[in-house]
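Below: one structure, written as C-alpha cells.
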Amino acid sequence: MKLSNGLALNAHPSGRHFLQIPGPTNVPDRILRAMDYPTIDHRGPEFGRLGGSVLRGLREIFRTRAPVVIYPASGTGAWEAALVNTLSPGDTVLMCETGHFATLWKKMAERLGLVVEFVAGDWRHAADPATIERMLVDDAQRRYRAVCVVHNETATGVTSDVAAIRRAIDAAGHPALLLVDTISSLGSVDYRHDEWGVDVTVAGSQKGLMLPPGLSFNAVSAKALEASRQAKLPRSYWDWHDHIAANERGYFPYTPATNLLYGLHEAIAMLLEEGLANVFARHERHAAAARAAVRGWGLEILCADPQRYSPALTAVLMPEGHSADAFRKVALERFNLSLGQGLSKVADKVFRIGHLGDFNDLTLMATLSGIEMSLGLAGVPHRAGGVQAAMESLVASGAGD
Ligand SMILES: Cc1ncc(COP(=O)(O)O)c(C=O)c1O
C-alpha cells in the first residue's frame, strides 16, 4: 500500500500479511465491515442503543454482572484507570514480576506515587499464589491495598492462575483488592471476573477481541467501586463514576470511539455465537499444536512450567549465539510473516508466536511453515519435523473449529 505522501506501508506484492504477533491480532472481515459505517451522533438515540448493547454484551465476555467501563485508549490507559480509581498516594501494592508487562505496570504505579513490593520472577514462571499468601499473612498492618497480577504475560507466554491467587488472598484473610490485567487473555483464555472475585479487570481491544487497538476496559466490582469513593490519587479523564452514570443510558462522558464500538458490537456477537467455552478450547488446541512444533524443531519454550503454558502465544528461546531478531527479519522479508519480538530482558533471545484471536488450523500451519523455512534460511540450528508434529497434533485433537 502506498500513501499519498509516498510512504510505502507494505512492499509485498500479493497475498495477505501474516500478523502473528501476540496482538494486535488479525481483524476479521466481519469486524472490518462492521466498522465501515458512517460515524453517528454520539448523543443521539441510535447511539444509546449501540452503547447499551455493547455494555451489556461485554459483561458476558468478562463473565460479570458488574459495570464494565470502556475507554478510548490503549491498554495502558486502563492500567492507569485501575490504579487511580482505587488507590491513594503512598499506598502499598503487591505486584509480581512475571515479565515485561508486569514490570511496566509496576513502573507506572511508582510514577503515580504508589509504593510497590515487587515479587521477583525469572520471566519463565507464573505469579506464585503461595508467595502471595505468605506475604499477605505476614502483613499484620494490612499495608497492602491491592494485589496486581498480569493474567497472561504477553512477553513470556506464561498464564497465571487467577483463581488460585484469589484463594491465596482469602486464605490469608486479607482485605487487599485484586487487580488483574487480562489485556492478552480476555476473549482467548478462560476468565471469570465474578467467580474469581476480581475487583478490577483490565483489558484491551486488540488481542482476543479481534479489534484494532484503541479501546480498553475496566470491569469494576462493588468493592472496587466502594474503594474508589475514598481513593485520593488524582483522576479526571479516567474517573469511573462519570462513565457509570452516563453508561446507564448507553452514553459516555466524552466523545466515544464510535466506529470501534461498531466493531466491538460485532466482536461480542462473534465470540458469543462461537460460545466462550469453544473459543477457549480452540485456543488451547492451537497452542498445543504450536508447542508440538517447537519441540519438533528441538527448540525450547520460554515458559518453564507446563501447567502455565499460555493458550494465546508461545515464546520460543533461540539457541545460544543466534539472534531472534535476525531470524524474524528473514520471516518478514521472505514470507511476509510478522512474529513477536523479545522484549527488554529477553530482547533478541526469544521470538513469540501469536496464536490468538481470529485464527484457525491453517492460519497456524501457514505460520509454522513460515517459521520452519525461516529457521533454515537464517541458519538457526533445528531439527526438521516441527510442522509435521503440529499437523499430527491438530489431526489427533479433532475438528478444526
Ligand atoms: C499483558 C499486557 N498488558 C499491558 C499491555 C499494554 O497495552 P497497550 O500497549 O495497549 O497500551 C500489553 C500490550 O501488549 C499487554 O500485552
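The values are calculated or read from the model by the stated rules, or taken from the named source; none is laboratory data. Predicted model, so just to flag it, every value in this text is computed and none were measured. Reconstructed Cβ throughout: ideal geometry from the backbone, glycine too, with neighbour counts over all protein chains shown. Each accessible area value is taken on the protein alone, full model and side chains, heavy atoms only, with ligands, DNA and RNA left out. Shrake-Rupley method; radii C 1.70, N 1.55, O 1.52, S 1.80 Å.
From the set of residues in the stretch 77-105 that are of a type outside the set (A, V, I, L, M, F, W, C) and without any contact (Cβ under 8 Å) to a residue 40 or more places away in the chain, which is farthest from Thr201 (Cα to Cα)?
Filtering first and then ranking leaves Gly90.
Mind checking which strands (runs of 3 or more DSSP E) fall wholly inside the stretch 76-165 and carry at least 3 residues that are within 13 Å of the ligand (Cβ to nearest atom) and surrounded by fewer than 20 Cβ atoms within 10 Å (Cβ to Cβ)?
In the stretch 76-165, no matching strands (runs of 3 or more DSSP E) lie anywhere.
Filter the stretch 343-365 down to residues that are open to solvent by 40 Å² or more (accessible area, probe 1.4 Å) and touching a Phe, Trp or Tyr at 6+ places or on another chain (Cβ under 8 Å), then give me how many there are.
So the count comes out to 1.
Sort out which residues of the stretch 63-75 are within 16 Å of the ligand (Cβ to nearest atom) and either open to solvent by 10 Å² or more (accessible area, probe 1.4 Å) or assigned to a helix (DSSP H, G or I) (or both), and write them in order of number.
Pro72, Ala73, Ser74, Gly75
Go over the candidates Phe47, Phe18 one by one and state the one that is closer than 22 Å to Arg249 by Cα and away from the ligand (no atom under 15 Å from the Cβ).
Result of the check over Phe47, Phe18: Phe47.
For the stretch 326-337, check the following and say yes or no: at least one residue is under 25 Å from Arg30 (Cα atoms) and either under 24 Å from the mean Cα position of the chain (by Cα) or surrounded by fewer than 23 Cβ atoms within 10 Å (Cβ to Cβ) (or both).
yes
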